[in-house]
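Here is the structure we will look at, set down as structure tokens.
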Amino acid sequence: MPPANQAAGMNDTPGISDWFNSLPLITRYWFGGAAGLTLAGNFGIVPAHKLIYDFPSVRHTFHVWRLLTSFLYVGSFSINTLMGLYMLYQFSKQYEGGGPYNTGAGGGTADYLFCLLFGMAGCLMCFHLLGGLIPIAPLFTRNLTFYVLYVWGRKNPNVDANIWGVPVKGMYLPFAYLALNGKS
């Protein structure tokens, strides 16, 4: 029986906290950290230059948080930032959710965590190997998101997806997003 000052059915709808808590574990923390650090960096709570990857700062002054925050800070506010956060949420949730019959290589929380750690190591290694040849920004959130999207597309090559109503097969989805994004 509802309290006297509340009508039946009022405040029974799920809120944002229910939605957030319904996300898979790794997706919840990655999306929450990315949204929180992006807001903090853009509102000046944390200086944005303290969130980007800088190897001399990690090595000489032990700024180890830069190894993680460069995968969480999306960048300054723009439509690309919102699209990046949406893609992180959508494809992270889909990959981590996996299927009901997880055999150890196709989804699930542990597999997804290993996938992300492998992708993070790859991003850092490519940054150091290609940094002198190609100008690469020291923010890796979008790179890691496209990595997850690529792995998801390889795992689900025949799934029908769409971008703004245009149907695209799962195996071509990462390339379609890259074409629309223009830069990453």
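The values are calculated or read from the model by the stated rules, or taken from the named source; none is laboratory data. What you see is a predicted model, and the numbers here were worked out from it, not measured in a lab. Backbone-built Cβ (ideal geometry, glycine too); neighbour counts: all protein chains shown. Side chains included, ligands, DNA and RNA excluded: accessible areas come from the protein's heavy atoms. Shrake-Rupley method; radii C 1.70, N 1.55, O 1.52, S 1.80 Å.
Couple of notes before you dig in:
- Residue within the range 28-36 that is of a type in the set (A, V, I, L, M, F, W, C) and either at pLDDT below 90 or open to solvent by 60 Å² or more (accessible area, probe 1.4 Å) (or both) present: no
- Looking across the range 52-94 at every residue that is in contact with a Pro (Cβ under 8 Å, 6 or more places away or on another chain) and assigned to a loop (DSSP other than H, G, I, E, B), the one that is nearest to Ala35 (Cα to Cα) is identified as Ser70.
- In summary, Leu149 fulfils each of the numbered conditions (1) open to solvent by 30 Å² or more (accessible area, probe 1.4 Å); (2) in a helix (DSSP H, G or I); (3) under 21 Å from Gly122 (Cβ atoms); (4) not aromatic (Phe, Trp, Tyr) with the single exception of condition (1).
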